[in-house]
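The values are calculated or read from the model by the stated rules, or taken from the named source; none is laboratory data. None of these values were measured; they are calculated from a predicted model. Note: ideal-geometry Cβ built from the backbone for every residue, glycine included; neighbour counts use all protein chains shown. These area figures cover heavy atoms from the full protein model, side chains too; ligands, DNA and RNA do not enter into them. Shrake-Rupley method; radii C 1.70, N 1.55, O 1.52, S 1.80 Å.
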Amino acid sequence: MSSQSYIRRPNRPLQVYAAIFLIVLYVPVLFLPLFSFNDSIYVKFPLTGFTTQWYVELFHREPVWAALMNSVRVGVTTSIIATGFGVFAAKAIIRYRIPGRGPLVGFIMLPLVVPGIIFGVALLVLLSQLGVPLSLYTVTIGHVIVCLPFAIATMIPRFEGFDPSVEEASADLGENAWWTFWRVTFPIVFPGILASLLLTFTVSFDEFIMAFFLSGSDPTLPMYIWGQLRFPKEFPSILAMASIILLVSFIVVFIGQWINRDAQATTLANEEDK
Amino acid sequence: MKQSDAYISIRNVNKLFGSFQAISDVSIDIRQGEFFSLLGSSGCGKTTLLRMLAGFEMPTSGEIFIDGQPMSEVPPHRRPVNMVFQSYAIFPHLNVRDNIAYGLRKRKLSRAKRDTMVDEMLELIKLPEYGDRKANQLSGGQRQRIALARALILRPKVLLLDEPLGALDKQLREQMQLELRALQKTVGITFVFVTHDQEEALTLSDRIAVMANGRELQVDTPTRLYERPVNRDVASFIGNMNFFEGKITGISDHRASVDVKGLGHVTTTNFDAKLKPGVDICIAIRPEKLILTENEPRNTGNKARGQMDKAAYLGERSHYYVRLDGISQPVAISAQNRQRAEGAPEEKRPIWISWEDDAFVVLEDG
Ligand SMILES: Nc1ncnc2c1ncn2[C@@H]1O[C@H](COP(=O)(O)OP(=O)(O)OP(=O)(O)O)[C@@H](O)[C@H]1O
Ligand SMILES: [Mg+2]
């Protein structure tokens, strides 16, 4: 026997699989930044030359900025609402012995698997029945539904990782539920809250289907991009924009994961204590 | 005990979790300044009872009074009790000083005053250098002491401790036992201490409630629990005990005469006055109260003949098992090795056992 364990020993087919997997996943994405610097309005090989003109052009376009601001507003509002709900939902799921907890969690997580188009149409029907005009607010409602599972899934490990008797200790030392939340629960789950804010923001920021059904006259950024795809002339600057979004999303999600990196570790440590 | 000297009074408390009865009709009175222990095996309801005192669980029926006040409507943060949790529950995001000062927010103290109080506490728990440490940089024993300081700084009337020494190694545990006991005497706070370790309960407590299956079996001082257990469960839970079957043949002058199977005639004053002659009873004696001799002891009637069965040499003491005629179970005897031991006694050798007057206890259940 070699010194490596059965599980840990190198596995050639698995390594090849992993490499192919990553290539298939990311190479198409890498074409975006590649062509966004290409000196041609046609997206095809061979590359003709290096330019930053598409980025400059993007910078001078008024509607791009308006759409960006719309997306940021919707994203910020969505992330705050979804994370707020997510904190309390995760706390309730972990802390209280709720009858039918399994089905309930499954139900909350449903938007992850149900096609967005179904939720989009359903909400559209509902809102038009109620006579609510479509606007960025209705987009926000749709986005909260889409983002809630992400917020809850981020918060649950934080709550699993901390000992409920810490909250009892706070009550025992004289603090009521409100102060206990602010002095104990909130600081302990804070990294999870940050991670959830960042994650739900990025999910909302590039969500298209809900926005497609629910937005009024103000487009979000993905809506704007969709609209511009009809004009081949605009395409390279769309690529430039997509590249920027890609980079920013990547950074934001990475920061979120990094802030929340000890959630899993704390959970494990607590398991060992038991 | 009169109702009036009870500082904590638990009255006919029941607790059900769903259909499971965790506490059954418990009534206990605890005096002010007392070191009171709840002793019982795992799952007997000690933590549940303590959590009801702290207010984290509500009795299904019955009432708890603290300082004469009924507690049913009082939430945990308004009760005059503080708790040291089984898991310590140190706040992981705060350093040691902030952990200890946690409960002082509402007191509206000046910063300087608060700092001196925390310093005093750090001094008391012998961790003066550790104020700036984070909770995850502490050992189990240090956490335990911080959990204690965090509660003591509020000067509670009652401190509830849930197996606070359970996670510590033997040496630290014994040291902390002494410190806890000394601390309790200095601060004069009522301690309600949960443990499943009978030795710990005996050394620390003024009084002990022995619990089993959600009931209190006996509430008494350590000596009385050991010397006069009320029933078989208490007797076998605390220390070792030899049990015999017997029948009361006569009672005169607070002294019961008992006809004991395998031993013959035994008299004792340790019995319940309610018992009448003619009833079948269980009678018991501690292994160290039996005296083993080669030859028939003179000038005592308290003796019986037997046969050596087994012996175990434990250094400072030896355990012997002796067979008596008419009973299947060998009788355990524990003797100090005052003289140098000369190898194991041979098996089947005839020997004598004897005992002093009143060494036997008559137990409630027959
Ligand atoms: N929240 C709960 N729901 C259901 N059953 C419970 C709950 N808490 C305790 N029990 C049950 O009540 C009984 C008593 O539990 P408790 O924690 O009081 O025991 P304990 O004497 O403290 O034991 P240990 O020495 O192991 O800590 C146990 O059988 C336990 O399973
Ligand atoms: Mg317990």
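Here the range A:160-190 is the region considered, the condition is being among the acidic types (D, E) and within 17 Å of B:F56 (Cα to Cα), and the residue that is farthest from the other protein chains (Cβ to nearest Cβ) is A:E167. Taking B:L94, is it open to solvent by 20 Å² or more (accessible area, probe 1.4 Å) and among the aliphatic types (A, V, I, L, M)? Yes, satisfied. All of A:F85, A:F107, A:F45 fail the test of being among the aromatic types (F, W, Y) and touching a residue at least 12 places away in the same chain (Cβ under 8 Å), apart from A:F85.
Can you find a residue in the range B:132-140 that is surrounded by fewer than 17 Cβ atoms within 10 Å (Cβ to Cβ) and more than 14 Å from every other protein chain (Cβ to nearest Cβ)? Yes. For the range B:198-232, a residue qualifies if it is over 13 Å from B:I30 (Cβ atoms), within 16 Å of ligand 1 (Cβ to nearest atom) and either touching a residue at least 24 places away in the same chain (Cβ under 8 Å) or within 14 Å of chain A (Cβ to nearest Cβ) (or both), and the qualifying residues are B:Q198, B:E200, B:A201, B:V210, B:M211, B:A212, B:N213, B:G214, B:R215. Among what's in the range B:156-168 and is open to solvent by 30 Å² or more (accessible area, probe 1.4 Å) and more than 27 Å from B:D67 (Cα to Cα), pick the residue that is farthest from ligand 1 (Cβ to nearest atom). Once the filter is applied, the top-ranked residue is B:A167. Go through the range B:60-107 and give me each residue that's within 7 Å of another protein chain (Cβ to nearest Cβ) and either assigned to a loop (DSSP other than H, G, I, E, B) or not aliphatic (A, V, I, L, M) (or both). Scanning the range B:60-107 gives B:P76, B:H77, B:N82, B:F85, B:S87, B:A89, B:F91, B:P92, B:H93, B:Y102, B:G103, B:K106.
What pairs come up if the first residue lies in the range A:175-197 and is over 17 Å from A:S165 (Cβ atoms), the second is surrounded by 15 or more Cβ atoms within 10 Å (Cβ to Cβ) and basic (K, R), and their beta carbons are under 7 Å apart, counting only those six or more places apart or on different chains? Close Cβ pairs (under 7 Å, with a partner that is surrounded by 15 or more Cβ atoms within 10 Å (Cβ to Cβ) and basic (K, R)) amount to A:G192/A:R158. Scanning the range B:310-337 for residues that are within 15 Å of B:W352 (Cα to Cα), touching a residue at least 40 places away in the same chain (Cβ under 8 Å) and open to solvent by 40 Å² or more (accessible area, probe 1.4 Å) gives a single hit, B:D325.
Can we say B:S37 is assigned by TED's automatic domain parsing to the domain that holds B:P164 and modelled with pLDDT under 90? Taking the combined requirement at face value, the residue does not satisfy it.
Across the range B:1-13, a minimum of one residue is classified as away from chain A (no Cβ under 14 Å), under 28 Å from B:D197 (Cβ atoms) and within 16 Å of ligand 1 (Cβ to nearest atom). Do we find a residue being open to solvent by 50 Å² or more (accessible area, probe 1.4 Å), within 29 Å of the chain's Cα centre (by Cα) and within 16 Å of ligand 1 (Cβ to nearest atom) anywhere in the range B:64-86? Yes; the residues of the range B:64-86 include at least one that is open to solvent by 50 Å² or more (accessible area, probe 1.4 Å), within 29 Å of the chain's Cα centre (by Cα) and within 16 Å of ligand 1 (Cβ to nearest atom). Of the candidates A:M210, A:M223, the single residue that is surrounded by fewer than 21 Cβ atoms within 10 Å (Cβ to Cβ) and in a helix (DSSP H, G or I) is A:M223.
Might you let me know whether the range A:47-66 holds any residue that is closer than 30 Å to A:V184 by Cα, open to solvent by 50 Å² or more (accessible area, probe 1.4 Å) and at pLDDT 80 or above? No; the residues of the range A:47-66 include none that is closer than 30 Å to A:V184 by Cα, open to solvent by 50 Å² or more (accessible area, probe 1.4 Å) and at pLDDT 80 or above. Among the residues of the range B:62-78, is there at least one that is assigned by TED's automatic domain parsing to the domain that holds B:L180, closer than 19 Å to B:I146 by Cβ and modelled with pLDDT of 90 or more? Checked against the condition, which is being assigned by TED's automatic domain parsing to the domain that holds B:L180, closer than 19 Å to B:I146 by Cβ and modelled with pLDDT of 90 or more, the range B:62-78 yields no hits at all.
Is there a residue being within 14 Å of another protein chain (Cβ to nearest Cβ) and open to solvent by 70 Å² or more (accessible area, probe 1.4 Å) anywhere in the range A:137-159? No, the range A:137-159 has no match at all.
Among the residues of the range B:20-57, those that are more than 10 Å from ligand 1 (Cβ to nearest atom) and either of a type in the set (D, E) or surrounded by fewer than 14 Cβ atoms within 10 Å (Cβ to Cβ) (or both) comprise B:D25, B:S27, B:D29, B:E34. Counting the residues of the range B:281-297 that are within 16 Å of B:D357 (Cβ to Cβ) and assigned to a loop (DSSP other than H, G, I, E, B) gives 2. Among the residues making up the range A:236-269, those that are modelled with pLDDT under 75 and open to solvent by less than 40 Å² (accessible area, probe 1.4 Å) are A:N260, A:A263, A:T267. Filtering the range B:139-163 to residues that are hydrophobic (A, V, I, L, M, F, W, C) and away from ligand 2 (no atom under 16 Å from the Cβ) leaves B:I146, B:L148, B:A149, B:A151, B:L152, B:I153, B:L154, B:V158, B:L159.
Matching residues to (1) more than 16 Å from ligand 2 (Cβ to nearest atom); (2) closer than 22 Å to B:P75 by Cα:
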| site | (1), (2) |
| --- | --- |
| B:A6 | yes, yes |
| B:K15 | no, yes |
| B:Q21 | yes, no |
| B:R31 | yes, no |
| B:T47 | no, yes |
| B:R51 | no, yes |
| B:F56 | no, yes |
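Residues that are within 16 Å of ligand 2 (Cβ to nearest atom) and either within 14 Å of chain A (Cβ to nearest Cβ) or surrounded by 17 or more Cβ atoms within 10 Å (Cβ to Cβ) (or both) within the range B:169-197 comprise B:V192, B:F193, B:V194, B:T195, B:H196, listed in sequence order.
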